[in-house]
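Report on the following structure.
All of the numbers you see were taken from the coordinates with simple rules; none came from a lab. Because the structure is predicted, anything quoted here is derived from the model rather than measured. Virtual Cβ from ideal backbone geometry, glycine too; neighbours counted across all protein chains shown.
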Amino acid sequence: MIFVTVGAQMPFDRLVRNVDTWAGRCGRNDLFAQIGNTAWRPGNMAWTAFLDPPDYRQRLFAADLIITHAGMGTILTALEFGRPILVVPRRGDLNETRNDHQFGTARALSEAGRVTVAWNERELFESLRRLDSLPAPQRVASHASCRLLNALRQFVRREATAPAFQPVTGESDPASPIGFLGPEPRQSRRRAA
Amino acid sequence: MLMIAEATERADTTTRKTRILAVASGGGHWVQLLRLRPAFVGEHVVYVTVNRAYRAEIGAAPFHVVNDATRWNKWGLIKLAARMAWIMLRERPDAVVTTGAAPGYFAILLGKLFGARTAWIDSMANVDCLSLSGQKVGRWTDLWLTQWPSLARKDGPRFEGSVL
């Protein structure tokens, strides 16, 4: 199943229309799209306007591949599940968003090897042609980096404690949206002592 | 979730819990806030966001919904500020932590007014420049972070890792 998503904030006709057209041309029937307020109604893929967060997470988990705008929420969750991600950044000049900040997000994440980016329609169709060879990114934990957690922990506790969080590897469980896999602070402090 | 809940109960008996107001608007802001939760283990956390459906993701924690607003919607901003002020009065947080955007902006300003410590974590989506709300509210924070080293400055924001 390929999950196509544009987020909840703004419509994204260019993405939905192009992927829908491609699906029709190839006769694929394994696409599902979350299209928000997009005006284009897909004829070649199942779709819904919005999904509740648990359903959304489940869709990302169940997908073999995700085609999305450069929305941070979708990308972070898809990375948790290690799914290949094809990103189409929204363009400010087409009023797909207020400015071109999605290009910055897409560039940085593609440079980090986290996502594949289709910068224009030609690249989108090219990527769609070779979907099966899109690389799956490394799975990430369901929480922030230990460095950020430690900085926040110090802020929250108002004390310069020893680093409470150490890197661990773990896989995310879609059944538990809160799936917290890192070490629990008090335990680590005991271990350190 | 279970691990967090259990840890919360255990911590209860030993130290006074910090009252944290964790604030984010929708989509990526909310997902990034949730990724910070291990730092809140053992504290009293109250969530504020813009979508009632997000409650399903935070278990039994106290939860408030505010309207989202942009800087082009003056009435929306006034309503948001009023609602956030009411939440501040009711929850009296020791600390405000936010990943943006508009609700976080007001949470920082009002939190400061009510004597809370404040933390702004600029969204990871802001790669080339800081969010406008982050730029405006940064100097009112006790902890001002960007998630990209290239955006860190000597007088803030700092870089201390990212949600990834």
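Quick look at the numbers
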| read-out | value |
| --- | --- |
| Dipole of the protein assembly as shown, positive direction: furthest Cα of A:47, B:85, A:110, with charges on the beta-carbon | B:85 |
| Cα centre as origin, Lys/Arg/Asp/Glu Cβ charges: the stretch B:2-159 dipole, Debye | 440 |
| Cα-based shape type of the protein assembly as shown, given that a ≥ b ≥ c are square roots of the gyration tensor eigenvalues and the cut on a/c is 1.5 | prolate |
| Gaussian network model of chain A, springs between alpha carbon atoms under 10 Å - residue of A:141, A:33, A:160 with greatest fluctuation | A:160 |
| Lysines whose Cα lies under 24 Å from that of residue B:79, excluding same-chain neighbours fewer than 8 positions away | B:112, B:136 |
| Top positive-direction residue, dipole computed over chain B with Cβ charges, set B:96, B:124, B:40 | B:96 |
| The stretch A:1-135, dipole about Cα centre (Lys/Arg Cβ +1, Asp/Glu Cβ -1), debye to the nearest 20 | 140 |
| Ellipsoid semi-axes in whole angstrom, largest first, where each is sqrt(5λ) of the Cα gyration tensor of chain B | 23, 19, 15 |
| Local electrostatic count, residue B:106, Cβ distance below 13 Å [Lys/Arg +1, Asp/Glu -1] | +4 |
| Descending semi-axes in whole angstrom, ellipsoid equivalent of the stretch B:59-142, from the Cα gyration tensor | 20, 16, 13 |
| Burial ordering of B:133, B:123, fewest other beta-carbon atoms within 10 Å first | B:133, B:123 |
| Listed residue (A:5, A:35, A:145) projecting farthest to the positive dipole end of chain A, Cβ model | A:145 |
| For the stretch B:91-164, size of Cβ-based charge dipole, Lys and Arg +1, Asp and Glu -1, in debye | 200 |
| Peptide B:25-36 - average C-beta neighbours from other chains (10 Å radius) | 6 |
